[in-house]
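These notes concern the structure reproduced below.
Quick note: the coordinates plus some simple rules give every number you see, no bench work behind them. The shown structure was predicted, so the numbers you read here are calculated from the model rather than taken from an experiment. A quick note on method: Cβ atoms are made from the backbone with ideal geometry, for glycine too, and the neighbour counts reach across all protein chains shown.
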Amino acid sequence: MNHDPAPTPTFLWVWTLARFNPEAFRSILTETRFLEAHASETFGALLARLLEERVVQRHLWVALQKLRAGDYTFLIERDEGKLRLRGKDGPVFTNPRLGPAITFLKDIHLVGRQGLTDYGAAAAGMA
């Protein structure tokens with residue numbers, strides 16, 4: 001195993017953005033906190049909130065980011081307070097996901113040139 005020394009500029013950039021807007025990045029921790037914050041709601045109200053805030057709004061936000069890059073990937077649209085399905089042609093793949101995932105793991109020092117780093121092994125419970 002190897003140990004990469006310093007955080008990369010990408011890692012520092014993501015860390016800086018996360019400090020300004022913690023809702024910009026989702027994880028198991030943010031979703032658990034979301035459920036805990038709304039634990040007093042009825043199941044129906046919680047399900048409605050979950051679908052609206054965590055599925056619909058997230059899809060629209062991601063599609064808007066892709067639209068800024070020139071790709072129209074909206075599967076649903078809002079129209080006069082209603083959601084309308086755009087089409088049933090399935091998801092649009094606009095970028096590869098494995099490369100950015102590996103880059104992210106490198107940026108947070110879990111993976112290096114030789115495979116798992118010491119941090120990566122510890123995170124995987126292998127240390």
Full-stretch length increase - ARG84, VAL56 - with 0.36 nm per residue and alpha-carbon distance subtracted: 8.9 nm
Modelled FRET efficiency - R0 30 Å, GLU41 with GLN114, Cβ distances, 0.05 increments: 0.05
Could I have the simple spin-label model distance between ALA101 and ASP71, label points 7 Å from Cα toward Cβ, reported in nm to one decimal? 1.6
Starting from 0.36 nm per residue, how many nanometres of slack lie between SER27 and ARG49 once their C-alpha separation is accounted for? 6.2 nm
